[in-house]
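**Q** So that we are looking at the same thing, I have put the structure below in structure tokens.
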Amino acid sequence: MDPGGATDVTTAPGGDGQVGVQIHQNRRLPDFLQSVNLKYVKLGYHYLISNLLTLCFIPLIIVTLIEASQMDIYDIQQLWLHLQYNLVSVIICSAVLVFGLTVYIMTRPRPVYLVDYACYRPPDHLKAPYQRFMEHSRLTQDFDDSSLEFQRKILERSGLGEETYVPEAMHYIPPRPSMAAARDEAEQVMYGALDNLFANTHVKPKDIGILVVNCSLFNPTPSLSAMIVNKYKLRGNIRSFNLGGMGCSAGVIAVDLAKDLLQIHRNTYAVVVSTENITQNWYFGNKKSMLIPNCLFRVGGSAVLLSNKSVDRRRAKYKLVHVVRTHRGADDKAFRCVYQEQDDKGKTGVSLSKDLMAIAGGALKTNITTLGPIVLPISEQLLFFSSIVVNKLFKSNVKPYIPDFKLAFDHFCIHAGGRAVIDELEKNLQLLPIHVEASRMTLHRFGNTSSSSIWYELAYMEAKGRMRKGNRVWQIAFGSGFKCNSAVWEALRNVKPSRNGPWEDCIDTYPVKVVS
């Protein structure tokens with residue numbers, strides 16, 4: 001029923017047992033607060049404030065045009081004579097203007113373009129459906145009954161589907177974790193993503209000037225970046241970096257590092273490889289807080305090609321707009337909330353604190369406090385600032401106004417760390433189900449692939465045909481330390497999915513309903 005209508009309909013039992021309908025005419029005026037769609041009021045306010053400067057200039061332009069139209073030949077001659085007698089002033093002003101424009105052009109940040117990216121899709125024989133996962137966990141005989149039941153409950157509530165992947169070594173009974181197996185996993189993921197990237201972009205490995213690799217838990221010698229240099233015979237003067245121990249948000253950190261390097265080194269390409277390694281980091285103990293990563297983390301990785309070449313703008317998918325990084329490591333609780341350690345029996349794993357969600361919320365608040373002023377329209381900033389002033393002046397306990405980030409971004413890539421993370425951000429940022437669909441479906445199809453999850457989510461949006469020219473994308477990720485990092489991209493065209501994308505064989509079956 002329309003809440004602003006003038007008719008009330010109620011039901012009442014009739015004398016013969018039938019339900020009768022009674023209609024009462026509502027004599028009151030309609031409730032305009034309910035009948036008027038406040039969404040359009042807010043949008044009108046947003047457009048008015050955002051274009052306020054333009055609206056102020058319109059009267060000035062009209063007055064100038066009217067005055068110019070009333071000028072005759074004599075007025076024009078007098079203006080020309082005035083300029084001639086003040087030639088020195090005109091030359092000085094012109095020189096200052098040219099000098100200022102030159103300095104601005106030379107010192108402004110160079111645009112960084114995302115030419116293309118690729119996400120690794122493991123082979124089908126590495127899939128780990130629930131039943132097989134639990135059966136293997138039981139047969140390893142490393143877990144007691146309480147731990148097995150705990151893992152079963154976590155899996156049921158995790159939001160993961162039946163087609164996520166675990167590494168080859170975990171499919172054996174008993175599992176065969178080793179340095180060699182971990183190297184094999186790293187090679188399959190990194191080389192699989194890079195092969196696809198080079199094939200789609202037609203960029204030669206020798207053209208790569210910067211390489212940044214991030215992987216938290218597996219850092220062999222030679223490094224993962226050295227493995228890539230060796231595999232693809234990259235040039236000897238390449239600037240390579242290997243980031244370790246930085247958690248699931250390291251993908252944004254790697255992009256930020258590549259961006260800074262592209263500001264210094266002209267006319268080159270940068271490749272960012274984001275992955276995680278499970279083989280040597282599976283936990284075989286019974287400490288509950290250390291069992292959760294076994295149930296959530298899965299095989300995955302991505303390779304991203306960035307460029308500072310102006311000619312690449314025409315073929316690039318996105319332009320990097322902002323990167324905002326927040327680090328809460330100075331706080332002891334935040335520092336230890338995701339912590340690699342040994343349990344009482346000397347078995348190594350990653351422990352997740354019960355305070356994780358609260359700490360993540362604090363990190364998010366700090367991050368969006370920095371990000372908001374540079375991305376939100378002035379209308380939202382004024383509302384937010386006004387709510388703070390009112391609370392300060394009148395000492396009221398009214399909750400501060402939560403900015404509408406949907407006015408700043410068209411798409412959201414929330415790190416698929418777990419269902420609780422996605423639920424909390426959807427609630428706190430007042431997002432709609434479609435805004436978190438990519439995150440939920442990535443968690444369902446691929447699990448938590450750590451720092452590469454935000455790229456699987458972006459690929460989902462492209463595969464659904466939702467990415468239009470001018471759209472802004474917010475990638476947000478959380479990681480140990482504790483960190484919350486954001487990257488903002490702008491689509492340079494209507495983006496289509498690249499060949500051999502991770503969703504190519506299944507996008508028509510998504511979205512699926514995730515069991516609560």
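**Q** Could you work out how much longer the chain between residue 80 and residue 95 gets when fully extended? Use 0.36 nm per residue separation minus the Cα distance between them, nm to one decimal. Numbers along the way, then the final one.
**A** Values: separation 15, 0.36 × 15 = 5.40 nm, distance 1.98 nm.
Contour length minus Cα-Cα distance gives 3.4 nm.
**Q** Further question on the same structure: Of 64, 441, 512, which is farthest on the positive side of the dipole of the chain, counting Cα position, with +1 on Lys and Arg Cβ, -1 on Asp and Glu Cβ, and the Cα centre as origin?
**A** 64
**Q** So what's the back-of-envelope 222 nm ellipticity for the chain, counting only DSSP H runs of four-plus at -39500 (n - 2.57) apiece and dividing by all residues, rounded to 500?
**A** Details: 17 runs with 222 residues, N = 516.
The helix-only estimate for the chain comes to -13500 deg cm²/dmol at 222 nm.
**Q** Moving on to the next point. Using a cut-off of 30 Å between alpha-carbon atoms, which lysines can reach residue 287, once sequence neighbours fewer than 8 places away in the same chain are excluded?
**A** Hits, sequence-local ones excluded: 127, 153, 333, 345, 347, 354, 483.
**Q** So what's Rg/Rh here for the chain, counting alpha carbon atoms and using the Kirkwood radius for Rh?
**A** Details: Rg = 28.8 Å, Rh = 26.6 Å.
Rg divided by Rh gives 1.08.
**Q** In a solvent-free Debye calculation with one equal scatterer on each Cα, what is log10 I(q)/I(0) for region 371-497 at q = 0.10 Å⁻¹, listed in the order of the q values?
**A** So the normalised log intensities work out to -0.36.
**Q** Oh, and also: Suppose every K and R has +1 on its Cβ and every D and E has -1 on its Cβ; what is the size of the dipole of region 463-516 about the Cα centre, in Debye to the nearest 20? Intermediate values should be presented prior to the final figure.
**A** Values: 10 positive and 4 negative charges, 56 e Å.
For region 463-516, the charge dipole is close to 260 debye.
**Q** Additional query: Indicate, rounded to the nearest 5 percent, the antiparallel portion of the DSSP beta bridges found entirely in the chain. Write down the numbers at each step before the final one.
**A** Numbers: 45 of 61 bridges.
Antiparallel bridges: around 75 percent, rounded to the nearest 5.
**Q** What number in nm² do you get for region 130-210 if you take the convex hull of its Cα atoms and divide its surface by four? The partial results should precede the final answer.
**A** Numbers: hull surface 31.6 nm².
Spelled out: convex hull of the Cα atoms, projected over all directions, averaged, 7.9 nm².
**Q** Something else: I need to check one value: relative contact order of the chain, counting alpha carbon pairs closer than 8 Å and at least 6 residues apart, in percent. Kindly include the intermediate steps, with their values, before the conclusion.
**A** Details: 871 pairs, mean separation 92.9, N = 516.
Taking the mean separation of contacting Cα pairs over the length of the chain, I get 18 percent.
FYI, it's all coordinate maths here, none of it is from the lab. Just so it is clear, the structure is predicted and the values come from calculations on it, not from any experiment. Neighbour counts run over all protein chains shown; Cβ positions are idealised from the backbone, glycine included.
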